[in-house]
Each structure stands twice: as structure tokens, then as C-alpha cells.
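Novice: Take this structure first; my questions come after.
The values are calculated or read from the model by the stated rules, or taken from the named source; none is laboratory data. Since the structure is predicted, the reported quantities are computational estimates derived from the model, not experimental observations. Neighbour counts run over all protein chains shown; Cβ positions are idealised from the backbone, glycine included. Side chains are part of the model used for accessible areas, which takes the heavy atoms of the whole protein and leaves out ligands, DNA and RNA. Shrake-Rupley method; radii C 1.70, N 1.55, O 1.52, S 1.80 Å.
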Amino acid sequence: MKVCICYNRTQVPYTVCEEIAQSVVAAGHAVFVCPEYHGEEADRMIVLGGDGTVLRAARAASSKGIPLLGVNYGRLGFLTEFERGEQEQAVRLALEDRPQILERSMIEVVLNGKSAHCLNELALVRAVTPGHDSNVVKISVTIDGSHAGDFSADGLIVATPTGSTAYSLSAGGSIMTPECETFLLTPVCAFSMRSRPIAYPDKSVLRFCLPSTKLLLYADGVFFGEAGEGDELSVKKSARKALFLTRNKADYFHKLTQKIN
């Protein structure tokens, strides 16, 4: 087995990576260490950092179908399985022959032919800078060609079940378990109470009729581009899945409650 150790250089001392690498080698397996994964061949991945680090690693690992687990060196650690100091337990799980794997669905965003795969969410937000109007924007959504709703708000979040516990929740959305087969649309600072979170089946294709005001697009918090009237923007379920090694798939809500509280 070949293990990749991916770490956040601003949060994790390299000596920690060395200690984990030594444990992997001592167990008879190959290992390599990198601050960012770029598609190298690996069978398992151990990610050291916060949720942002895990998100970046998971998106990259999903293209190769590599299961990963996170060790939290950030703040909340929603996506991590272990806390700092639990590296040895993380190594044991990473090296198990048949570990439990939690599959997390992803979305594929396509803007004028340019695509991105997201584990958390796509956020469409109006620019709040000098020279831009401060009015709310109207975003219309169609699902499989049928009009699904209009949202008058500062923006709109298209969240996966994983992303429902992040930005979407802070904007007034709902929590979904990773196994849910849905998208969650949550308006940001909605102008109307009718602009409430709505869940749609993830086998559908969502298309957006955008306002003349340019919106900023963020895919998992990373700037993806600007879009407005005339641009083609769609969201659908990604063919990729993010695979997370876990000690107990049934422990999801207990872990979530601990993190929130």
C-alpha cells in the first residue's frame, strides 16, 4: 500500500509528518509527503490541517478515487476523523484492509464551458465593493427545463449534503446527512420569507437565469469566476465521489453535535 500524507504548512510542523511517515514505513508500506496533492499514485491519504485543507485534498483525491482521512489541526474540523495527537490511531485506520468508507456526493459546476467539482457548495454572491450597487439580485432557477423558483437575495448557495453544515447552515439552511440524494438551495439574506431553503433531487440539472449585475462565484470557497446576464451556468451531480475513511458511519450526528456545540 502507498500512503500520501498531505498537510497544511502553516498549521502542521513537518516533524509531525515525519513521525507519521515513519509509522507507515514501519508497518511495511510506502509513503510520500506533500503540502498539496497533484495527482500522484496513492492508495490512501492522511490529511493534516483544518476543513479547508481537507476540502482541497478531497477534491483532488476524488479524481483518483483515493480514500482519505483527516486529522484536525484547524478549528472545528467537521470533515476530520481525528484530533491532533491522535496520529497513531489515524495511521492504524488508514492501513486497515477493509475500513468503513463514507461516500460524500459532489456537484459539478459548469460556467460557459469551464467546469469545477465541489464537495461543499457553489456560492453566487453579489459584489460588495465601491462602484457596485447594493441592491439585492434576482436569480431564477430551472430544474430539468422547468421553472423551479425565483430568489431575491444577496446571493444563492447550492450546497451538497456535506456543504449543508457549512456556509449553507450559517445562511439559514438545513442539515442533510451525507447519504442524502439532494441539492440544497439556500438564499443569502433573502429579501422575501418565501425565499427559503429548498432541496432538489441530485439527479437533476439546475440552470440559472442571472441578473444583469455580475455575481461572484466561489466553488468550495475558491473564486471560480464572474457571471451575469447571458452567461450559461449549470449545476449537476458530479460523477466523482469524495471517499472518507471513518471509524463509524453511524456516528455522524453525534460527531456533528459535538462540533457545533
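Novice: Go through 73-84, 43-54 and give me the packing order, highest mean Cβ count within 10 Å leading.
Specialist: Peptide ranking by packing, descending: 43-54, 73-84.
Novice: Here's a follow-up. Setting aside same-chain residues fewer than 8 positions from Lys237, which aspartates and glutamates have a Cα under 13 Å from its Cα?
Specialist: Output for Lys237: Glu108, Glu121, Asp144, Glu181, Asp202.
Novice: Here's another thing I want to ask about it. Just to verify a number: what accessible area does His117 come out at with the full protein assembly present, 1.4 Å probe, Å² rounded to tens?
Specialist: Estimated to the nearest 10 Å², His117 gives 40 Å².
Novice: Still on this structure, please answer the following. Suppose R0 equals 25 Å. What FRET efficiency, 1/(1 + (r/R0)^6) with r the Cβ-Cβ distance, do Lys138 and Lys114 give to the nearest 0.05?
Specialist: It comes to 0.55.
Novice: Using alpha-carbon pairs under 8 Å, 6+ residues apart, how would you state the relative contact order of the range 1-70 in percent?
Specialist: It comes to 40 percent, rounded to a whole number.
Novice: Quick one: net charge around Ala42, please, counting Lys, Arg +1 and Asp, Glu -1 for every other residue with C-beta under 12 Å from its C-beta. Before the final figure, lay out the partial values.
Specialist: On the way: positive: Lys2, Arg44, Lys64; negative: Glu40, Glu41, Asp43.
Neighbourhood net charge equals 0.
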